[in-house]
1. Please name all residue pairs, on different chains or six or more residues apart, with Cβ atoms under 7 Å, provided the first residue is in segment 76-100 and is more than 14 Å from Thr296 (Cβ to Cβ) and surrounded by fewer than 23 Cβ atoms within 10 Å (Cβ to Cβ) and the second residue is at pLDDT below 95 and of a type in the set (Asp, Glu).
2. Consider only pairs whose beta carbons are under 6 Å apart and that are at least six residues apart or on different chains; among these, list those whose first residue lies in segment 110-130 and is farther than 16 Å from Pro56 by Cβ and whose second residue is aromatic (Phe, Trp, Tyr).
3. Identify all residues within segment 161-198 that are assigned to a loop (DSSP other than H, G, I, E, B), more than 18 Å from Glu219 (Cα to Cα) and either without any contact (Cβ under 8 Å) to a residue 24 or more places away in the chain or in contact with an Asp or Glu (Cβ under 6 Å, 6 or more places away or on another chain) (or both); write none if there are none.
4. Please find, within segment 269-281, the residue that is nearest to Glu233 (Cα to Cα) out of those that are surrounded by fewer than 17 Cβ atoms within 10 Å (Cβ to Cβ) and in contact (Cβ under 8 Å) with a residue 12 or more places away in the chain.
5. Which members of segment 112-145 meet the condition of being buried (at least 24 other Cβ atoms within 10 Å of the Cβ) and in a strand (DSSP E or B)?
6. What are the residues in segment 204-241 that are aliphatic (A, V, I, L, M), touching a strand residue (DSSP E or B) at 6+ places or on another chain (Cβ under 8 Å) and not in a strand (DSSP E or B), if any?
7. Just checking, how many residues over segment 193-233 are at pLDDT 90 or above and farther than 30 Å from Ser262 by Cα?
8. Scan segment 134-167 for residues that are closer than 19 Å to Gln65 by Cα and touching a Lys or Arg at 6+ places or on another chain (Cβ under 8 Å) and jot them down.
Amino acid sequence: MTEDSPKAAKPGDPDGSASFGALYDRAVESLLSVPVSDTWIDSASGRTHLLTAGDPSAQPVIVFQGGNVTNPVTLCWIQTLADDYYLIAPDTPGQPGKTTVEIASDFGLWVVEVLDGLGLDNVAMLGISHGGGIVLEAAVEAPARIDAAALIAPAGFGTSLSLDLVRIVLLSLGYRFLPRQQLLQRALAPMFTQSISTVDETIIETVGTALRTEDLRAEFPGPADPESLAGFEAPTLVITAEQDPFFPGRRTCKRAARHLPSLEECVMLTEERHFLSPAGQHRASERIQTFLGEHTGVTQ
């Protein structure tokens, strides 16, 4: 690992992006109450940037970020885990952040590169939204390297068409061509549990910048064939949001139960949407804390 930091790069922008770099740093300052450090991993695919939080001598947990936001935006959901664990959060290739690896064709292989670069044979993993699908790809590619898996509002189990999802897609496309703040807020409102007017402006601006400048993709990460998860034996916790327009809570729980033989529990947070409220984030963190304690031996 190395500590120097090249210019933050925005996927799809060969000149890099001052806007995403500034938004990333703003999110660290405004959303994270725990101290974090930056580090880098070099691999055959390029350079992966990571944020770390907690005591480096503590039990490590790899945290994979959500999509169309910077790493600290979703790291803040579970930052209280840094009291007991060493959180290691890599910037996902192809997502807004500082990693210079291009979009990974196989996220499972990229996860293996990250583990090798960190010198970790096996570790507990936590994936939020897009990051949940990445953990599931790693569960197929290298199941023995995952000690336990916790997934929050995870991709990887498919989605279903709904009026909220149609609204999000159409308004997001409209905002891409007519970038008005009111249009952006209308597009994002169905994603957030709390009123959009109370959401931190850095989060709104980050998603808006992604919608305006990124190559919007309809695919989410996850195994091409969910049956390939049959050999994954690590204990797994899934937390869903009842009113999630992307990965509806009940549907995702049913699919997780069908395809994850080692699923211990699927907890559905009632009246929550894809972006959990502060109360929902707290509930998810508490449940994950208990789950990890049961499987890592870390006492609270």
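1. Final answer for the pair search is Pro93/Glu102.
2. That search, which allows pairs on different chains as well, returns Gly127/Phe64.
3. Leu178, Arg180, Thr193, Ser195
4. Thr270
5. Met125, Leu126, Gly127, Ile128
6. Ala234
7. The total comes to 16.
8. Result: Ala138, Phe157, Gly158.
The values are calculated or read from the model by the stated rules, or taken from the named source; none is laboratory data. None of the values given here were measured: they were computed from a predicted structure. Positions of Cβ are backbone-derived with ideal geometry, glycine not excepted, and every protein chain shown enters the neighbour counts.
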